[in-house]
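One structure is given here, and the rest of the page talks about it.
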Amino acid sequence: MGGHFEDVEVRNELPTRLLRIEIVVVLGVSLGASAVWSVLSIIRKLTDPQVPLNQQTTSLNVSTVPDRPWLDLSYQIANILLPVAPALLVMYLLAISFRRPFAMIGFDARRPLPDLVLGLLVALGIGLPGLGLYLGARALNLNTTVSAANLTEQWWTTPVLIGLAIMNGVLEEVIMLGWWFVRTRELGWGWLWVILGSALVRGSYHLYQGIGGFIGNVVMGVIFGLVFVKCRRVMPLVVAHAVIDIVAFVGYALAAPHLSWLG
């Protein structure tokens, strides 16, 4: 197979130096930058002399201008659309090297039903243990309280939360599975290091949640990586990630007022 996936028509093979530069630059303008901010965030939280980590709250999906719903909706739409740009960027970069990049990483609609079924199974297998890990990490003072949905109650609240969940799935899986696996394999990395590297980056940009968030997402990254190596398709993992986040975001918004242990 060499450094490439099987049955891939190479358009332009990049030299090693350019591949390394591409990896640094792409991570620097996307999830790698998020990892840097996340590391700084967890350092700030761990060194807070007043409030222990498990008594701190990390708020996600927050309204920007709650007193002006139409403008808040505009902000939320921007929050959904703009972060997808790095995913489009890496697909463009892959298109420079390969003739059918979407088919190569399985980011297409050729197998909708199998992708949906596999994605739902992966989401189910990760979701429940993930909730247990989160609660355990909080009890051990290893995690903040994650408040997953903090938008004002509007007609568009649930659609926006679903849109944000899908955006997360597309952004993270296209970059950390599709693009990352192709480029690191081109550099000659073995599958073990490809999967571990992806999982560690994934965990690092979730450190803002706490040590539990890091560990949980590293485990999730390893599982996602193994599934991707087996099926060579990103779409099932996009589905799985989106479903996990939809349940977390929408479920939190619905359940938090009634379940004190969530907050």
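Every number here is computed from the coordinates shown, using simple stated rules; none is lab data. Not measured: the values here are computed from a predicted model. Cβ: placed from backbone, ideal geometry, glycine included. Neighbour counts: every protein chain shown.
Values as computed for the structure displayed
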item: Cα convex hull volume per residue for the chain (Å³); result: 135 Å³
item: Environment charge at GLY28 (Cβ cut-off 15 Å; Lys +1, Arg +1, Asp -1, Glu -1); result: +1
item: Under the Karplus curve 6.51 cos²θ - 1.76 cosθ + 1.60, θ = phi - 60°, whole-Hz ³J(HN,Hα) for the stretch 45-50, x wherever Gly or Pro sits; result: 6, 5, 9, 5, x, 9
item: Neighbour net charge for LEU19 - beta-carbon separation under 12 angstrom, K R +1, D E -1; result: +1
item: The stretch 157-237: C-alpha gyration tensor shape, a/c 1.5 cut-off, then a/b vs b/c; result: oblate
item: Percent RCO, i.e. relative contact order, over the chain, from Cα pairs under 8 Å lying at least 6 residues apart; result: 32 percent
item: FRET efficiency, THR47 to LEU140 (Cβ-Cβ, R0 22 Å, nearest 0.05); result: 0.75
item: Cα long-axis angle, helix 69-81 against the chain (0 to 90 degrees, to the nearest 10); result: 30 degrees
item: Net charge, PRO114 excluded, C-beta distance under 15 Å - Lys, Arg +1, Asp, Glu -1; result: +3
item: Cα shape, the stretch 123-178, gyration tensor, a/c 1.5 rule; result: oblate
item: Label-to-label distance, nm, for residues given as TRP193 and TRP70 (7 Å Cα→Cβ offset); result: 5.6 nm
item: Loop GluC sites (Glu not before Pro), the stretch 96-201, which have at most 14 other Cβ atoms in a 10 Å radius of their Cβ (DSSP); result: GLU153
item: For THR58, distant residues with modelled amide H under 5 Å away; result: THR145, VAL146, SER147
item: Helix 16-28 vs. the chain, principal-axis angle (Cα, 0 to 90°, nearest 10); result: 20 degrees
item: Segment LEU254-ALA103, extension gain: residue separation times 0.36 nm, minus the distance between their alpha carbons; result: 50.6 nm
item: Estimated inter-spin distance, THR58 and ALA78, nm [label 7 Å along Cα→Cβ]; result: 2.5 nm
item: Nearest-20 debye value, the chain charge dipole, Cβ charges on Lys, Arg, Asp, Glu; result: 440 debye
item: Charge dipole magnitude, Cβ of K and R +1, D and E -1 - the stretch 5-125, Cα centre, debye nearest 20; result: 160 debye
item: C-alpha long axis of helix 211-231 to longest principal axis of the chain, angle in °; result: 30 degrees
item: Gyration tensor verdict on the stretch 31-108 (Cα atoms; rounded if a/c is under 1.5, prolate if a/b is larger than b/c, oblate otherwise); result: oblate
